[in-house]
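**Q** Dropping the structure in here first, questions after.
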Amino acid sequence: MTAEGEPTPGDLDGSGLDDESAMRLLRDGTLEVAGRLVEATNMTLYCSIRNGRQVAACVYKPVRGERPLWDFPDGTLAAREVAAYEVAAATGWRIVPPTVYRDGPFGPGMVQLWIDTDPEADLLALVRSRHPALRRMAVFDAVVNNADRKGGHLLPLEDGHVYGVDHGVCFSADDKLRTVLWQWRGKQLSRDAVTMLTALERDLERGRLGRRLRELLTPAEVEATWLRVERLLKTGIHPYPSEDWPAIPWPPI
């Protein structure tokens with residue numbers, strides 16, 4: 001912290017926050033825009049967020065900055081990002097950084113905790129690897145029907161954990177799984193994944209997760225999510241690429 005009380009880059013690292021504290025900060029804190037991530041397709045703003053003495057960096061994606069897509073309803077991408085966090089939280093695998101839907105300087109949108117990545121990480125090597133965190137992410141992507149799992153959407157940390165971000169084009173009722181993580185296609189699901197999916201199916205059918213997703217998605221999209229979980233449990237394997245949809249997003253990294 002500077003003498004004037006302004007946060008320095010090191011002060012904005014929120015990696016030490018537990019999820020409950022991070023969610024409280026994201027919901028209740030004051031957003032201040034610091035810059036824009038110009039390579040992003042939709043308006044993506046880098047911000048600081050402060051609540052009392054607690055401060056961190058975050059990403060803010062206002063709904064008004066979303067570009068229209070032919071296959072997703074306008075103005076729904078922020079809610080889909082929040083829905084992806086809700087599913088990730090229910091898995092217990094910490095796949096998506098804490099994420100909320102709230103008002104901000106440019107109107108309502110998605111606000112997500114900023115995660116500092118390992119500067120020495122080789123994304124290309126990571127994508128080609130069989131890292132256990134990526135295998136869990138492949139299962140997660142199959143559940144949420146992720147249409148855009150690029151290598152650049154992976155956030156490897158120095159401790160070996162890997163987060164995933166940019167989930168605005170998930171949860172279509174149609175099969176749109178498009179990912180760089182096909183290493184496990186046709187392979188048997190791990191015991192850990194089967195246990196998680198069994199609990200997730202119950203949570204979607206009659207638990208908090210189902211109720212929360214119905215606040216963020218259409219009834220058809222929630223039903224399709226439950227059916228994808230059911231299909232994974234019935235087949236017991238990682239899915240194969242669809243014959244009707246490109247298997248890998250472009251660019252892949």
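The values are calculated or read from the model by the stated rules, or taken from the named source; none is laboratory data. Just so it is clear, the structure is predicted and the values come from calculations on it, not from any experiment. Positions of Cβ are backbone-derived with ideal geometry, glycine not excepted, and every protein chain shown enters the neighbour counts. Remember, those area values only see protein heavy atoms, side chains included, never the ligands or the DNA or RNA. Shrake-Rupley method; radii C 1.70, N 1.55, O 1.52, S 1.80 Å.
**Q** When the residues of region 139-166 are filtered to those that are in a helix (DSSP H, G or I) and in contact with a strand residue (DSSP E or B) (Cβ under 7 Å, 6 or more places away or on another chain), which remaining residue is farthest from S48 (Cα to Cα)? Quick ask: steps written out before the conclusion?
**A** We begin by selecting, within region 139-166, every residue in a helix (DSSP H, G or I); these are 139-144, 151-153.
Okay, now just the ones that are also in contact with a strand residue (DSSP E or B) (Cβ under 7 Å, 6 or more places away or on another chain), so 141, 153.
On the way: D141: 29, H153: 21 Å.
Per the stated criteria, the residue is D141.
**Q** Condition (residue is assigned to a helix (DSSP H, G or I) and of a type in the set (S, T, Y)) applied to region 190-199: is it met by at least one residue?
**A** Yes: region 190-199 contains one or more residues that are assigned to a helix (DSSP H, G or I) and of a type in the set (S, T, Y).
**Q** Moving on. Is there a residue in region 26-43 that is under 20 Å from A89 (Cβ atoms), open to solvent by less than 30 Å² (accessible area, probe 1.4 Å) and not β-branched (V, I, T)?
**A** Yes, because at least one residue in region 26-43 is under 20 Å from A89 (Cβ atoms), open to solvent by less than 30 Å² (accessible area, probe 1.4 Å) and not β-branched (V, I, T).
**Q** Being under 12 Å from the mean Cα position of the chain (by Cα), closer than 13 Å to P249 by Cβ and not polar (S, T, N, Q): is that true of R149 here?
**A** Yes: the conditions hold for R149.
**Q** Still on this structure, I have one more. Against the condition open to solvent by 20 Å² or more (accessible area, probe 1.4 Å) and not charged (D, E, K, R), how does T235 come out, does it pass?
**A** Criteria met by T235.
**Q** Could you check region 80-90 and list, in sequence order, the residues that are open to solvent by 20 Å² or more (accessible area, probe 1.4 Å) and either in contact with a Leu (Cβ under 7 Å, 6 or more places away or on another chain) or at pLDDT below 95 (or both)?
**A** The one that is open to solvent by 20 Å² or more (accessible area, probe 1.4 Å) and either in contact with a Leu (Cβ under 7 Å, 6 or more places away or on another chain) or at pLDDT below 95 (or both): A90.
**Q** May I pose another question? Before we move on, is R102 over 12 Å from the mean Cα position of the chain (by Cα), open to solvent by 40 Å² or more (accessible area, probe 1.4 Å) and farther than 30 Å from R50 by Cβ?
**A** No.
**Q** Still on this structure, please answer the following. Since K187 meets every condition but one in (1) touching a residue at least 40 places away in the same chain (Cβ under 8 Å); (2) crowded, with 16+ Cβ neighbours inside 10 Å; (3) among the charged types (D, E, K, R), which condition does it not meet?
**A** If we test K187 against (1) touching a residue at least 40 places away in the same chain (Cβ under 8 Å); (2) crowded, with 16+ Cβ neighbours inside 10 Å; (3) among the charged types (D, E, K, R), just (2) comes out false.
**Q** Do the conditions hold for I115, that is, is it within 26 Å of L200 (Cβ to Cβ), touching a residue at least 12 places away in the same chain (Cβ under 8 Å), of a type in the set (V, I, T) and open to solvent by 10 Å² or more (accessible area, probe 1.4 Å)?
**A** Working: within 26 Å of L200 (Cβ to Cβ): yes; touching a residue at least 12 places away in the same chain (Cβ under 8 Å): yes; of a type in the set (V, I, T): yes; open to solvent by 10 Å² or more (accessible area, probe 1.4 Å): yes.
Against the criterion (within 26 Å of L200 (Cβ to Cβ), touching a residue at least 12 places away in the same chain (Cβ under 8 Å), of a type in the set (V, I, T) and open to solvent by 10 Å² or more (accessible area, probe 1.4 Å)), I115 qualifies.
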